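Read through the structure below, which is laid out as C-alpha cells, and then see the notes.
The values are calculated or read from the model by the stated rules, or taken from the named source; none is laboratory data. Keep in mind that this is a model prediction, so the values were computed, not measured. Positions of Cβ are generated from backbone atoms using ideal geometry, with glycine treated the same way; all protein chains shown enter the neighbour counts. Heavy atoms of the whole protein, side chains included, go into the accessibility calculation; ligands, DNA and RNA do not. Shrake-Rupley method; radii C 1.70, N 1.55, O 1.52, S 1.80 Å.
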Amino acid sequence: MIIDCHGHYTTAPRQHEGWRTEQIAAHTAGKPPPPRPTMTDDEIRETIVGGQLKVQRERGTDLTIFSPRAAGMGHHLGDATTSEAWASACNELIHRVCSLFPKNFIGVGMLPQSARVSPRNCLAEIDRCVGEYGFVGINLNPDPSGGHWQDPPLSDRHWYPVYEKMVEHDIPAMIHVSASCNPTHHTTGSHYLNGDTAGFNQLMTSSVFKDFPTIKFIIPHGGGAVPYHWGRFRGLAQDAKLGLLSEIVLKNIFFDTCVYHLPGQELLAKVIPVDNIIFASEMIGAVRGIDPETGHHYDDTKRYIEQLPLSVDDKAKIFEGNARRVYGRLSATIEKQSARAV
Ligand SMILES: [Zn+2]
C-alpha cells in the first residue's frame, strides 16, 4: 500500500472559500457571519474525482492523509471566534470527503488557532476531529500570526495543552504554517520552509520530548532546511550540551518526502534514517507544473523514492510502514473505512 501522508483539499467547491471571504468581511464590518453555504455530495465528488483521486490513480498511490488547504487556514485573519467557525467548516468538509471516498482519504484536522490566543481553544475541535470524524492527526501552526512570529516557541508550555491532547488520542501533529501576511516571506517558497526549520529547531532545544516521551511530530516539505543542515544542528546540539541529535529527536520527529527533485530526495535518504522518513507529495498543492528536465510533475515524489538506492523493505517503510507507526490510529482507521467502502 502506498500512503501519502500530506495532501490538502485545495480543490474544494468555490462556495467554501467564498464563505470564508464573506465571514472575514462581516467580522471586519462588525456584523454577524452569513449562514454557511450548501455543498452537495455530487459537488464534492466532482472536485475529488477530477482532482486528487485522479492524480492518485495516475501515480499509483492508494491513500492520502488529507487535511484542509494549509494556506487557507489563515489563523492571522479575524479572531478566535472566526477561527473556530472556519476550522469547524473546513474539518467537516474533510470528513465529508473521507466519508464519500473512505478507501482513498483519511482525515487530519486543522486547528482553530489565533495569534496570541491560548491553544487551549483548540482542544474541543481536536476531540471532535478524533471522536466524531475519525481523524488520525492534526496540523499545528507554529506561527498563527502568519509570518510575524508573535507566539511563544513550540518549546514553551503555552503549547502543552495541545501536546497533552495529542498523547491522549495517540495522534501526531504535522508542523505546518499557513499563508504569510508578511510580504518579506512568500507563502510556499519561504514561509513554509522557514516554519519547518524553525519548528524543528524549537523542538530540538526543548524539553518537550522529556515531558512527552511518546509524542510525534512530522516536519513537512522534507524538513525544510534541516536535512541539508543536519551537521549544523548536530553541532548546535553538541555546543548546547543537549546530547547527540539523533538520540534527542529521532524517536519523536519524522520528515516527509515533499521534496521536488531527485537530488533532494537522495540527500534526505542519506542523512535521515529510513525509519524517520514518510512518503508524501502534497498534491495538489504548492507546485503544480511539470519539470522540463524530467517531463514529470515536480510533485510526483513517488518517482524519486523509486529511484533511491534503498532495499525493497526500506522503501516499504517509507511508503507505508512508517506512516502506520507514526499515525497511531491509522491502521485501525484504514480497516474501519475499508469496511465501510465494501
Ligand atoms: Zn502542506
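Quick notes
- Accessible area per residue was computed with a 1.4 Å probe on protein heavy atoms; E132 scores about 130 Å².
- Distance cut-off 24 Å, percentage of C-alpha pairs in the range 202-342 lying past it: 38 percent
- Solvent-accessible surface (1.4 angstrom probe) belonging to Y9, in square angstrom, nearest 10: 10 Å²
- Percent carbon-and-sulfur accessible area, the range 152-194, ignoring ligands, DNA and RNA, probe 1.4 Å: 53 percent
- Solvent-accessible surface of the chain, taken per residue with a 1.4 Å probe and all protein chains present: 42 Å².
- Contact order for the chain, expressed relative to its length and based on alpha carbon pairs under 8 Å spaced 6+ residues apart, stands at 18 percent.
- Annotation: T21 carries an accessible surface of approximately 100 Å², with a 1.4 Å probe and no ligand, DNA or RNA atoms counted.
- Estimated [θ] at 222 nm from DSSP helical runs (n ≥ 4, -39500 (n - 2.57)) normalised by residues in the chain, nearest 500: -12000 deg cm²/dmol
- For the chain, hydrophobic long helices are taken as DSSP H runs at least 27 Å long by C-alpha position along their axis with mean Kyte-Doolittle hydropathy of -0.5 or more; these are 80-100.
- Point-charge dipole on Cβ atoms (K/R +1, D/E -1) for the range 273-342, about Cα centre, debye to 20: 460 debye
- If the Kirkwood radius is taken over C-alpha pairs of the chain, then at 4 °C and 1.567 mPa s the Stokes-Einstein diffusion coefficient equals 64 µm²/s.
- Convex hull (Cα only) mean projected area of the range 89-240, reported in nm² to one decimal: 9.7 nm²
- If R0 is taken as 51 Å, the Cβ-Cβ distance between D41 and R157 corresponds to a FRET efficiency of 0.75.
- Positive-end residue of A269, I318, T294, charge dipole of the range 263-342 with Cβ unit charges: I318
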